[in-house]
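Laboratory data are not the source of any read-out in this text; all were calculated from the coordinates shown. Worth saying up front: this structure is predicted, and the values here are computed from it rather than measured. Quick reminder, even Gly has a Cβ in these numbers, built from the backbone with ideal geometry, and neighbours come from all protein chains shown.
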């Protein structure tokens, strides 16, 4: 199913998306129709400067959302898309795939096509904040990436991981214990808390100048990311990836590291070990099964790399 949505004046897409799929509105919750999946979306608006949308559902069929943004001149909002932020350890459906946990940061004015594959559980929070709002709260932070997010005229895209603190905050949003009359105020505090955790991680990035990136290069860099995710058993070949992306190797290395905070191979190895941890914990595979499935021919090497990233040897981690 393909849905085209136009977001005018930064008003968001929640109700437009709900209308398009025929979802039922239940107070501030929008329930996914049973023929499409299960779960809900909900959202909050605190004036023109801050909005938040929560997605907690899975889909039985793929939906491609073609989002076009028509933002008035002078209104600049930054989008923080926190995917896979809610705990999926209690997921009962064996066939349902969880989103990859990360935070994507970009200007809202960048039109986007969002693919929502079938049999995938979406547990995400999207925050839209005006630059004026962000500058008031984080303008004193001295870091090139923070400066780029707050004031750069160039297009940018950054991705960071999901921290344990973010997962805790998101869980408190889902399982809040405050009276309904305080619901709006409570969630605004939690939204601001998530932003604090995001900027805390950004400050840990290497302190190097950030340059603008063209939208077509953002798409090319993310195509490379998805290629790495789909081929975790094969080490990346930078030369081939650069040709596929239509850019030089130095440009690919620079833009990839600027976007993800890691080099291509470092990022590949990171995703590889994250997948190893998931297979050990959720699928209960043996250490050797996981190692060989992810392309490690030397299990001792696999164990060392796993421990460096996770902090425990694979066998011990699988028993925790």
Next item on the list: Please give the contour-minus-distance gain from residue 137 to residue 301: 0.36 nm per residue of separation, less the Cα-Cα distance, rounded to one decimal in nm.
Entry: 54.6 nm
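Rank by packing, highest mean first: peptides 79-86, 165-172, with packing defined as the count of other Cβ atoms within 10 Å averaged across residues.
Numbers: 79-86: 22.1, 165-172: 17.4.
The most tightly packed comes first, giving 79-86, 165-172.
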Check: In nm, to one decimal, how far is the residue 320 label point from the residue 244 one, both placed 7 Å along Cα→Cβ?
Finding: 3.3 nm
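Could you tell me which of rounded, prolate or oblate describes region 171-270, using a ≥ b ≥ c as the square roots of the eigenvalues of the alpha-carbon gyration tensor, with rounded for a/c under 1.5 and, failing that, prolate when a/b is larger than b/c and oblate otherwise? Each step should come with its number before you reach the end.
On the way: a/c = 2.96, a/b = 2.30, b/c = 1.29.
Prolate shape, in that a/c is at least 1.5 and a/b is the bigger ratio.
Quote the convex hull volume per residue of region 215-319, based on C-alpha atoms, as a whole number of Å³. Intermediate results must be reported in sequence, preceding the final value.
On the way: hull volume 10.1 nm³, N = 105.
It comes to 96 Å³ per residue, whole-number rounded.
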Next item on the list: Could you work out the relative contact order of region 215-319, using alpha carbon pairs under 8 angstrom and six or more residues apart, expressed as a whole percent?
Entry: 24 percent
Checklist line | Per-pair calculated FRET efficiency, R0 = 41 Å: residue 24 and residue 208 via Cβ, rounded to 0.05 | finding: 0.25
Margin query: If a paramagnetic tag sat 7 Å from the Cα of residue 147 along the Cα-Cβ line, which residues of region 190-224 would have the backbone N under 17 Å from that point?
Written below: 202-213
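Could you list 25, 146 so that the one with the fewest beta carbons within 10 Å of its beta carbon is first and the one with the most is last? Before the final figure, lay out each step's value.
Details: 25 11, 146 19.
Going from sparsest to densest Cβ surroundings: 25, 146.
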Check: Arranged from highest to lowest average of other beta-carbon atoms within 10 Å per residue, in what order do the peptides 223-231, 204-212 appear?
Finding: 223-231, 204-212
Item checked: Listed peptides 254-260, 195-201 by packing density, highest first (mean Cβ within 10 Å) -> 254-260, 195-201
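Can you tell me the length gained on complete extension of the stretch residue 172 to residue 286, counting 0.36 nm per residue apart and subtracting the Cα distance? It would help to have the intermediate numbers written out before the result.
On the way: separation 114, 0.36 × 114 = 41.04 nm, distance 3.35 nm.
Once the chain is fully extended between residue 172 and residue 286, it gains 37.7 nm.
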Note to self: For 155, 42, which order do you get if you count the other beta carbons within 10 Å of each Cβ and list the fewest first?
What the structure shows: 155, 42
